[in-house]
Amino acid sequence: MTEVFSSLAYGFSVALTPTNLMWATVGSIIGTLIGVLPGIGPVSGIAILIPVTYGMNPASAMILLTAMYYGTMYGGSTTSILVNVPGEASSVVTTLDGYQMARQGRAGPALAIAAIGSFVAGTFSIVGLMLFAVPIISLALKFGPAEYFCLMLLGLSSVTSLAGKSLVKALLSMVLGLVVSTIGVDLSTGIARYTFGIPQLLDGVGFLVVAIGLFAISEVLLAVEEIATAKREAVPVGRVWLAWKDFAASWWAMIRGTVIGFYIGVLPAAGATIASFMAYDVEKRLAKDPSGFGKGDIRGVAAPESANNAAAVGNMVPLLTLGLPGSSTTAIMLGALMMLGIQPGPLMYQKNPDVFWGLIASMYLGNTMLLILNLPLVGLWVKILAIPERILYPLILGVSVIGVYGVSGSLTDLLLACGFGLLGYYMRRHDYPVAPAVLGVVLGGLMEQSLRQALVLSDGSYWILVQRPISLVLLILSAVSLASPYLIAAFRKFQSEPQF
Amino acid sequence: MGQRSHDSLAAILVAAACIAYLWGAQGFQSPLVADPLGPSAFPTILGWSGLLLAAVQIILAWTGRSSPEESPGSIRGYLKPLVLFALLVVYALVLEPAGYVLATFAFVVISFLMLGEPLWRGGLIAAGFSTGFYYLFVKILKINLPAGMLFRGW
């Protein structure tokens, strides 16, 4: 325990340097801006800005990206409350009571409780993260290649099972990503695979090329089909303050939201969206008088806002300890870390303690920064909300081009990103989720390498994957997570049938 | 074309791509004895998984259990994204000869016109954006972007 605190102190010594403090501030502001801007989602926003971290040291880069991640969540809740438009899926629930509060002239308290709830949840969850991370890492250090292969399979299947309406389409998207990851020179034999004689493909298709194409470019192409012409009117904010009565009413909702959110965030198959829905549901059930929910009950803002922030921190547990992303955003961060030459997972904890502890310390800073910056800046965010969407789309594409070309200086990459953009547009248009494909590209190379190493150990027998207890458990969990949408549906049906 | 025929057509294309992919995997011969799987095993697994999924998708589409019917979208709906995509490709191709500032300015102004932004305001925004971002990324963040003919030595 004392070791954890001395490491955390070390982390603060990394995060509190003037440069890193500046990046945390810049990240929080840019993140909130992305969250507030109409027409660009948090994942695309972070993807096109990854090149900014190019050439930075890994600790600063991760501090910037984490602060941006936090900022997007905060910005998303601001739009939920003020214009009834959730910035992302995890703040959908916030619109229920948040927008109602704003319409009743209580936008100030709603925004304040969202910020304070996020702060409380972030702070408590980071303690949870530290307590969880160390034991998981010591377990993960015993993993061999067979366990790693099964672990990545679990990561892929959990993201796939929750993405989109059709499991078959989500799996096709995952296979597409894995197929793209096999392009280029095979690391263990030096054989060029699927390069079609194009020298630029020998290094493989870059993760950023795929991420910017499938997330950002396709998002813009889909959005210009029908551009909302109605002006988005924000509810007037008034003074952002919180009466003691409101704070006291929300305190337990925040704590419960934090606990629910953190645990759900740690689970690989679930994320901030489910966490926020569950936290809202729990508050409604526990309330003595639930009739106010949906009509502007402050607990209906406090609980989901705490839960989605706690889940965002919980999501960092599998990412930092096992190298497993549980959501699109953490998949993007994993790709960014790998571009910086850092492989998240138990070895990162040993090899790059400055990144690991610096990141954890910077989460505290990011939280504090958002609390200090955002409440006074609400007026500015409201103005940004009013920017018409059609102005943003060409500019997003202009930044995407920097994102792809600025890193590699390759026209081939740029054209590939355009191609992935068109493919992503088709996929989104026809219900194929794009996140599993991007995750497949990120994890594919490692997955193949660990499978091959595992089979070297077993002399070519696939049985090694089920003979080792941990890998067997991971395989079963993968199967369960793929079946989970069906299991949940079956359970609901069973529940709703009359009982005798 | 309804969602069902869309799904079948896509599945057939996916299956064809998987067959080509599997055929390509045949050609990778490993010189190493110590690597029992070799470079072709993982692609082979992926190729067969893709074929299997494509088959399932066709069956689901034919038995009417594919994802619910959605509005297929008119040709007009597809027009704007496709024009914007074509503009983007042209933008990419002229980026190196024209330089980031000029190419971006032209791309943003033309897309603004297509999306219905008045010329004077669009032109101002495009000029500010292209020069501002060039300055930010090249001079401050030290990321390489093509300068083009006009701004060489800038």
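Nothing in this text is a laboratory measurement; each read-out follows from the coordinates by a stated rule. Quantities reported herein were computed from a predicted structural model and do not represent experimental measurements. Neighbour counts are summed over all protein chains in view; Cβ atoms, including those assigned to glycine, are modelled from backbone coordinates with ideal geometry.
Observations on the structure shown:
- Charge sum, other residues only, whose C-beta stays under 12 Å from residue A:486's C-beta, Lys/Arg counted +1 and Asp/Glu -1: +2
- Pairwise centroid distance, computed over Cα atoms, of region A:150-188 with region A:259-305, Å: 31 Å
- Placing pseudo-labels 7 Å out from each Cα toward the beta carbon at residue B:121 and residue A:462 gives an inter-label distance of 6.0 nm.
- A Förster radius of 45 Å, combined with the Cβ-Cβ distance separating residue A:343 from residue B:63, puts the computed FRET efficiency at roughly 0.55.
- Taking the convex hull of Cα positions in chain A, its mean projected area over all directions (nm²): 25.2 nm²
- Annotation: amide H of residue A:193 within the under-5 Å range of A:184, A:185, A:186, sequence separation 5 or more or interchain, hydrogens built in the peptide plane.
- Counted charge near residue B:125, where neighbours are those whose Cβ lies closer than 13 Å (Asp, Glu -1; Lys, Arg +1): +1
- The fraction of Cα-Cα pairs per 10 angstrom bin, counted from 0 for region B:3-62, comes to 24, 39, 22, 11, 4 percent, rounded to whole percents.
- Residue A:165/residue B:17 FRET efficiency (R0 22 Å; Cβ-Cβ; nearest 0.05): 0.45
- More than 18 Å apart - percent of Cα-Cα pairs taken over region A:417-466: 51 percent
- Taking other C-beta atoms within 10 angstrom as a stand-in for reagent exposure, A:351, A:245 fall in the order A:245, A:351, fewest first.
- Around residue A:189: net Lys/Arg minus Asp/Glu count, Cβ-Cβ under 14 Å: -1
- When each of B:4, A:193 is scored by the number of other beta-carbon atoms lying within 10 Å, the sequence from fewest to most is B:4, A:193.
- Qualifying trypsin sites (Lys or Arg not before Pro) in region A:90-154, where qualification requires a DSSP coil assignment and no more than 12 other C-beta atoms within 10 Å, comprise A:142.
- Rounded to 0.05, the FRET efficiency of the residue A:295 and residue A:373 pair, given R0 = 22 Å and the Cβ-Cβ distance, is 0.10.
- Ranking of A:90, B:130, A:7 by count of other Cβ atoms within 10 Å, fewest first: A:7, B:130, A:90
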